[in-house]
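Below is one structure, written out as structure tokens; comments come after it.
The values are calculated or read from the model by the stated rules, or taken from the named source; none is laboratory data. These numbers come from a predicted model, not from an experiment. Counting neighbours? That spans all protein chains shown, and the Cβs are built from the backbone with ideal geometry, glycine included. Please note that ligands, DNA and RNA were not included when accessible areas were found on the heavy atoms of the full protein model with its side chains. Shrake-Rupley method; radii C 1.70, N 1.55, O 1.52, S 1.80 Å.
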Amino acid sequence: MEAFLKTRYRDSVPYITRDGSEIRELMHPDVHGSAHQSLAEAIIQPGEKTQRHRHLLTEELYHVTRGEGMMHLGARCFAISVG
């Protein structure tokens, strides 16, 4: 937990993924000791989408702050929006 308190937003450098999403990792198991969860800011431009992927060891948490889209979780597909 102590490492998390030392991490500042401005110190987390964003990177571009293969599908063009801009990702800024805010909490990562290897850095913050959160054994099975990660938290990242993802910016996906209107009309774009991320590649389907899965995490074998961690869960991803999502909090939508702008826009709307479709989320696929296993065989389920559902709408997501702000909040």
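Remarks
- Over region 27-83, relative contact order from alpha-carbon pairs under 8 Å, at least 6 apart, %: 26 percent
- Per residue, the accessible area of the chain comes to 86 Å², computed with a 1.4 Å probe over protein heavy atoms only.
- Accessible surface of the chain [probe 1.4 Å, protein heavy atoms]: carbon and sulfur percent: 55 percent
- Helical contribution to [θ] at 222 nm, DSSP H n ≥ 4, -39,500 (n - 2.57), averaged over the chain, rounded to 500: -2000 deg cm²/dmol
- Each label point was placed 7 Å from the Cα along the Cα-to-Cβ direction; for Leu73 and Asp11 their separation is 3.2 nm.
- Charged-residue dipole, Cβ positions (Lys, Arg, Asp, Glu), the chain about Cα centre, Debye nearest 20: 120 debye
- Per-residue accessible area (protein heavy atoms, 1.4 Å probe) orders Ile23, Ile80 as Ile80, Ile23, starting from the largest.
- Gyration tensor (alpha-carbon) shape descriptor, the chain, a/c threshold 1.5: prolate
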